[in-house]
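Trainee: Supplied in structure tokens, the structure appears directly below.
The values are calculated or read from the model by the stated rules, or taken from the named source; none is laboratory data. Just so it is clear, the model here is predicted, and its values are computed rather than measured. Quick reminder, even Gly has a Cβ in these numbers, built from the backbone with ideal geometry, and neighbours come from all protein chains shown. Ligands, DNA and RNA are excluded from the accessible area calculation, which covers all protein heavy atoms including side chains. Shrake-Rupley method; radii C 1.70, N 1.55, O 1.52, S 1.80 Å.
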Amino acid sequence: MNRFRFVYLIAGWVMLGLGAAGAVLPLLPTTPFLLAAAWCFGRSSPRLTAWLLAHPVLGKPLQAWQREGAISTPTKLVAVASMLIGYGLTMHFSELGSVPASGLALLLLTVAAFIVTRPRPLLPKSIANSGRGRS
């Protein structure tokens, strides 16, 4: 048995908790924490991995990422909008100098470019073909 299994299990729960918090807190991301939770559970608990991937809300985006490295268009829009809002709030409520502000902008632009350039999820074949061939 993997001696780090318990550590991965605890880390998975922590990541899941942070992901859940990110679903309701505007500046905390959800998806990276859920991806980390799935990764940790994959090394500690097949049952929890299966539960997370089969979850009615969280499962589809995680499956699309694992299967294709894909992010849906609505998720991309929310992610980029959240980064813009977060940057705007940071600039409004903090006194960052021009160098840290530029560094933060560059970091967010890099992350946004990565997100936007990911493919959209493909439809599963069973859904895509459900309207064909039946007359």
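Trainee: In whole angstrom, how long is each semi-axis of the equivalent ellipsoid of the chain, when you take the square root of 5 times every eigenvalue of its Cα gyration tensor and sort them from largest down? Could the numbers behind the result be given before it?
Mentor: Numbers: eigenvalues 193, 112, 29 Å².
Output for the chain: semi-axes of 31, 24, 12 Å.
Trainee: Report the label-to-label distance for residue 85 and residue 9 in nanometres (one decimal), using points 7 Å from each Cα along the Cα→Cβ vector.
Mentor: 3.7 nm
Trainee: Roughly how tilted is helix 73-93, in degrees to the nearest 10 and between 0 and 90, from the longest Cα axis of the chain?
Mentor: Tilt relative to the chain: about 20 degrees.
Trainee: Next up: Relative contact order for the chain using alpha-carbon pairs under 8 Å, separation at least 6, rounded to a whole percent? Before the final figure, lay out each step's value.
Mentor: Details: 102 pairs, mean separation 27.2, N = 135.
Normalised by residue count, the contact order of the chain is 20 percent.
Trainee: Give me the 1.4 Å probe accessible area per residue for the chain, excluding ligands and nucleic acids, in Å². Could you put the intermediate results ahead of the total?
Mentor: Working: 9550 Å² over 135 residues.
With all protein chains present, the chain gives 71 Å² per residue.
Trainee: Relative to the Cα centre, what is the charge dipole magnitude of the chain, using +1 at the beta carbon of each Lys and Arg, -1 at the beta carbon of each Asp and Glu, and rounding to the nearest 20 debye? Mind dumping the intermediate values first?
Mentor: Details: 12 positive and 2 negative charges, 167 e Å.
Rounded to the nearest 20 debye, it is 800 debye.
Trainee: Separate question: Using a 1.4 angstrom probe on heavy atoms only, work out the carbon and sulfur share of the accessible area of region 18-81 in %. Don't jump to the answer; show the numbers that get you there.
Mentor: Values: 2670 of 3650 Å².
Answer for region 18-81 is 73 percent, counting heavy atoms of protein chains only.
Trainee: How high is the relative contact order of region 1-77, in percent, counting Cα pairs under 8 Å that sit 6 or more residues apart? Working shown, then result.
Mentor: Details: 67 pairs, mean separation 18.1, N = 77.
Averaging sequence separation for qualifying contacts and normalising by length gives 24 percent for region 1-77.
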